[in-house]
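Written below as structure tokens is the structure these notes are about.
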Amino acid sequence: MRADRLLLLLPALLWPAASGQTAASLAEQLRRLELDPDHCYRVRDLELHREDIRIFLNDGVLIFSQPLHGRRVVAVFRATEPGDDAEILLRPPDRGERTSLARATGSANLNEHFKTALFVFGDGGGEELLEAIRSGAPKPLPEEGLLLASRHADAVRNFAQSFQVRLLRDVLSGDRANGLFYAAISGSSRGNFDVLHEPTLPEQIIIGEVPAGSPGRFNVWASFPSRSRRQQAQEPPEELLVEDYRIEASVAPDLRLDARVEAALKPQRLLQGAVLFELAPEMEVRSARLDGQPVEIFRRESLRANLIGGLANEPFLLVLPQPLQPGAAHRIEFELSGNVIRRAGNGVFYVGARTNWYPSRGFHFTRFDLTFRVPKDLRVAATGDQEEEAVEGDTRIVRFRTSAPVRLAGFNIGNFESASAETKGLRVRVYANRTVEPSLLPPPRQILMPQGTTPRSLGRGPTQVITLTPSPPNPQARMKELAGELASAMEWMASQFGPPALPVVTVSPIPGNFGQGFPGLVYLSTISYLPERDRPAAIQTSKLNVFYSDLLLAHEAAHQWWGNLVTSASYRDEWLQEALANYTALMLIERKRGPRALESILDEYRADLLREIGEPRQPVESYGPITWGARLRGADGVDPWRIITYHKGSWILHMLRRRLGDASFLSMLGELRRQHEYDTLTTEQFRLLAARYTAKEDPDRTLEGFFDTWVYGTGIPVLETTIRLTGKPPAVDIAVTVKQSGVPDDFVVELPVAVTPVKGAKPLIKWLRTGDEATVRFRLQTPPLRVEVAPGAGVLAIRRERRSGLAAPAEPPVD
């Protein structure tokens, strides 16, 4: 009997909530959870379906855990006889996820038999299975149950505690519609793997494994929205909004951060029992009050749930003393403390938890009012307009407020000096440390000095070793230059895309080789503050100097639009905000240094994408489509995510720009900002908008083929181009043939072939569709001035070209 049929018999969407129970008492019961020998049964033809997940317990023994507030939250299946068997079936709904599953398992569909499985139910699945079993008048197997309870005792406790925060939320709320289902399966051919149905995640179904020897990683085999979610016209609303933050933070001389956080809670539906928040592991929640009354906080690391769901923060529960009605307004207060600031050395500080130093429930657009109290010799940079600053005794007090909604608020502290610049309604402030972190100090030099008192005796006596300490680099050397560059860059971006998220942008240094662009606050690597000659020798290459001198600051500034004003809808769309920011920075470099500078960087990006890594060796680009997002992250120093997201993402936008033309491309970006400001953006929404700007003669006006090839697919083709000119005036024939290799047969690219008849004339364009071999022809009265295939680095490919009867262009494509 299928257990999910019993749902039709259940009158309510909520199981009874755990009224009168504290989260701490339930957690203690969960830590002592055991299997119940009196609820051990031989089962046959028992089915459990969770959306696209179909599990068949054909023959075997199923034992349930002891009840947790009346709920059977764990069960174990085991084959105890030779003919016993169970099976799981799952078919991802789209080609990309079937490809992902096939890469991991060798098959595009999962059809796996198993002999052992452990199930975790936050959705009432244990009660469903018990009812299905009882409908057949079963006989318990207590003796068998004693053996299984002893054998699996450790596994039950470990998995129950791995999901304990999530399970306690389900038990306390009684919300089975949004309850968790998890299965740890020991497959007959695939080994151990995990299956999760988590309704509160953006993609509810995840299947994968924790690789052997890497307990801190989770390899996703496939991840996708559940069937019912795919059938919905739009995403369901958030259950709870947290808005209008007011944070008062104090930094002690030992750098401990104490904070009082106050915010508005706005339920979007009936909430009872408990709700989840997230916070940095370094921060401790000391207390919470809801509408002025103390409430219980429960927090404990949930290893498996965090690992599978990809959570960087730690979840904690806010236990509700009574149900919250939709539309009602409530106020929550938290008292926090923790060590998110540390000393980087040499008087430099590092803020670690930049996005999660206060409790939140995801990133939503809201306003922030931030007040910081720090030792008076330190200064504060933070999100928002600085409204007040005063020194009282040994304490500096600084207040910031956002003039528009933003998704998150960050801060930085240091012994700063500052420089400012203004341009057309934008104010820029650059903070710089007075010293650099130890890793940027030049190493001491030792020289040998010969000893002697006369010219004849020099070199004959003992040699003295003298150590010279070079002067430290000055992190304020480029401070004013950076302020001017940022003001100029943001003025151009504002002219193209409209005003930024906030009218004030502060740049502050951060130790390391990276940057981050928060609303109104940019964290910039200290290396970018240094003149090129003062940077460590290891990074004094032309590529890295361009990165630290030009690209990094412009990229993070562009996040004021792409990421802070227009944000991604899910991890699959995060490539857009990073690629848009990076390509905006490349356009600024192009404005400053010319088109060849941009194309040179794209050449380096292509080389990075073609670099072979891993075992077996394969190009970075082939690790997966750009829409796999964080699932592309690697280990052991290999990070395909970064290269594919930033480098291929920039190539995708560059090819799109070449396809649309400069004016249309920039108009499209301006419209993108207008349509999606203070909102999310999906990859499909981006495609639909860009398609509105394609030319009439474009063979792929919807851009569906372009996105299938470059966004949803993988591959960098080898394009061998032959250009032949035959005939004489007034009948000159031009044949352009392109042969494609190195990619599957279904890999298709439309290439514009541009023929410029004479100087000053508009190029003639014909489109060529790649395949095994394709040719387009032109007839002119005179030999052409120029013939180009996908001009201006218009295609991501390895390009080889042969010409017959025609001179090479002034700037041939780079191979």
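The values are calculated or read from the model by the stated rules, or taken from the named source; none is laboratory data. These figures come from a predicted structure and were not determined experimentally. Every residue, glycine among them, receives a Cβ derived from its backbone with ideal geometry; neighbour counts consider all protein chains shown. Note: accessible area is taken over every heavy atom of the protein model, side chains too, but ligands, DNA and RNA are not part of it. Shrake-Rupley method; radii C 1.70, N 1.55, O 1.52, S 1.80 Å.
For every residue, the table says whether it meets (1) of a type in the set (A, V, I, L, M, F, W, C); (2) closer than 28 Å to Asp84 by Cβ.
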{"residue": "Gly191", "(1), (2)": "no, yes"}
{"residue": "His197", "(1), (2)": "no, yes"}
{"residue": "Glu203", "(1), (2)": "no, no"}
{"residue": "Gly208", "(1), (2)": "no, yes"}
{"residue": "Ala212", "(1), (2)": "yes, yes"}
{"residue": "Phe218", "(1), (2)": "yes, no"}
{"residue": "Pro225", "(1), (2)": "no, no"}
Pair list, Cβ < 6 Å and 6+ apart or interchain, from the stretch 561-575 residues that are among the aliphatic types (A, V, I, L, M) to residues that are buried (at least 24 other Cβ atoms within 10 Å of the Cβ) = Leu565/Ala501
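Only residues that are of a type in the set (Phe, Trp, Tyr) and in a helix (DSSP H, G or I): list them for the stretch 155-209, please.
Correct list: Phe159 only.
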remark   = Note on the stretch 482-511: residues within 23 Å of the chain's Cα centre (by Cα) and without any contact (Cβ under 8 Å) to a residue 60 or more places away in the chain are none
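Based on what the data block shows, is Glu491 at pLDDT 95 or above, open to solvent by 10 Å² or more (accessible area, probe 1.4 Å) and under 25 Å from Thr584 (Cβ atoms)?
Yes: the conditions hold for Glu491.
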ask   = On the given criteria, is Gly96 within 22 Å of Ser226 (Cα to Cα) and under 29 Å from the mean Cα position of the chain (by Cα)?
value = yes
query = Out of curiosity, is Ile206 within 20 Å of Trp628 (Cα to Cα), touching a residue at least 12 places away in the same chain (Cβ under 8 Å) and open to solvent by less than 20 Å² (accessible area, probe 1.4 Å)?
reply = yes
key: Qualifying strands (runs of 3 or more DSSP E) (wholly inside the stretch 399-470; at least 3 residues being under 30 Å from Thr366 (Cβ atoms) and either within 49 Å of the chain's Cα centre (by Cα) or at pLDDT 80 or above (or both))   = 411-414, 416-423, 426-433
note = When the stretch 560-571 is checked residue by residue, the ones that are of a type outside the set (S, T, N, Q) and open to solvent by less than 10 Å² (accessible area, probe 1.4 Å) are Trp561, Trp562, Gly563, Leu565, Val566
message = Looking at the stretch 123-134, can you tell me whether even one residue there is outside any strand (DSSP E or B) and on the phi > 0 side of the Ramachandran plot?
response = yes
request  = Residue by residue through the stretch 49-86, note down the ones that are more than 35 Å from the chain's Cα centre (by Cα) and open to solvent by 50 Å² or more (accessible area, probe 1.4 Å).
outcome  = Gln66, Pro67, His69, Gly70, Arg78, Thr80, Glu81, Pro82, Gly83
task = Assess whether Ala328 counts as being assigned to a loop (DSSP other than H, G, I, E, B), modelled with pLDDT of 95 or more, hydrophobic (A, V, I, L, M, F, W, C) and touching a Pro at 6+ places or on another chain (Cβ under 8 Å).
result = no
query = So is Leu110 among the hydrophobic types (A, V, I, L, M, F, W, C), at pLDDT 95 or above and out of contact with any helix residue (DSSP H, G or I) (no Cβ under 7 Å at 6 or more places or on another chain) or not?
reply = no
key: Check on Thr105, open to solvent by 10 Å² or more (accessible area, probe 1.4 Å), closer than 30 Å to Val711 by Cα and in contact with a Ser or Thr (Cβ under 9 Å, 6 or more places away or on another chain)   = yes
query = Quick one: Ser650 ticks every box in (1) surrounded by fewer than 20 Cβ atoms within 10 Å (Cβ to Cβ); (2) in a helix (DSSP H, G or I) bar one, so which box is it?
reply = (1)
ask   = Val220 passes all but one of (1) open to solvent by 10 Å² or more (accessible area, probe 1.4 Å); (2) out of contact with any Gly (no Cβ under 6 Å at 6 or more places or on another chain); which number fails?
value = (2)
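Residues are listed down the side, and each one gets a yes or a no for (1) within 23 Å of Phe497 (Cβ to Cβ); (2) open to solvent by 30 Å² or more (accessible area, probe 1.4 Å); (3) not hydroxyl-bearing (Ser, Thr, Tyr):
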site: Tyr623; (1), (2), (3): no, yes, no
site: Thr627; (1), (2), (3): no, no, no
site: Gly634; (1), (2), (3): no, yes, yes
site: Ile643; (1), (2), (3): no, no, yes
site: Tyr646; (1), (2), (3): yes, yes, no
site: Ala663; (1), (2), (3): yes, yes, yes
site: Met668; (1), (2), (3): yes, no, yes
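Quick check: anything in the stretch 377-384 open to solvent by 40 Å² or more (accessible area, probe 1.4 Å) and either over 24 Å from the mean Cα position of the chain (by Cα) or modelled with pLDDT under 95 (or both)?
yes
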message = Suppose we keep only residues that are farther than 30 Å from Ala177 by Cβ and outside any helix (DSSP H, G or I) within the stretch 138-154. Which one would you say is least open to solvent (accessible area, probe 1.4 Å)?
response = Leu141
request  = Residue by residue through the stretch 551-571, note down the ones that are at pLDDT 95 or above and assigned to a helix (DSSP H, G or I).
outcome  = Leu551, Leu552, Leu553, Ala554, His555, Glu556, Ala557, Ala558
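So, in the stretch 381-398, how many residues would count as being among the small types (Gly, Ala, Ser), under 24 Å from Leu524 (Cα atoms) and outside any strand (DSSP E or B)?
So the count comes out to 1.
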note = In the stretch 572-598, residues that are over 21 Å from Met490 (Cβ atoms) and either buried (at least 18 other Cβ atoms within 10 Å of the Cβ) or in contact with a Phe, Trp or Tyr (Cβ under 7 Å, 6 or more places away or on another chain) (or both) total 4
Conditions (1) more than 19 Å from Pro519 (Cβ to Cβ); (2) of a type in the set (A, V, I, L, M, F, W, C); (3) touching a Lys or Arg at 6+ places or on another chain (Cβ under 7 Å); (4) at pLDDT below 95; number of the one not met by Phe363 = (1)
Answer from Leu89, Leu110 - the residue that is under 18 Å from Gln204 (Cβ atoms) and open to solvent by less than 10 Å² (accessible area, probe 1.4 Å) = Leu110
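Would it be correct to say that Leu46 is at pLDDT below 90 and either open to solvent by less than 80 Å² (accessible area, probe 1.4 Å) or in a helix (DSSP H, G or I) (or both)? Lay out the reasoning, then the answer.
Details: at pLDDT below 90: no; either open to solvent by less than 80 Å² (accessible area, probe 1.4 Å) or in a helix (DSSP H, G or I) (or both): yes.
Here the answer is no, as Leu46 does not meet what is asked.
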key: Residue selected from the stretch 7-25 under the condition within 14 Å of Leu320 (Cβ to Cβ) and surrounded by 15 or more Cβ atoms within 10 Å (Cβ to Cβ), by the criterion modelled with the lowest pLDDT   = Leu14
key: Qualifying positions in the stretch 26-42 - within 43 Å of the chain's Cα centre (by Cα) and not charged (D, E, K, R)   = Leu26, Ala27, Gln29, Leu30, Leu33, Leu35
query = In the stretch 599-621, what count of residues is obtained for those that are free of Cβ contacts under 8 Å to residues at least 40 places away in the same chain, touching a strand residue (DSSP E or B) at 6+ places or on another chain (Cβ under 9 Å) and either closer than 21 Å to Glu578 by Cβ or open to solvent by less than 30 Å² (accessible area, probe 1.4 Å) (or both)?
reply = 3
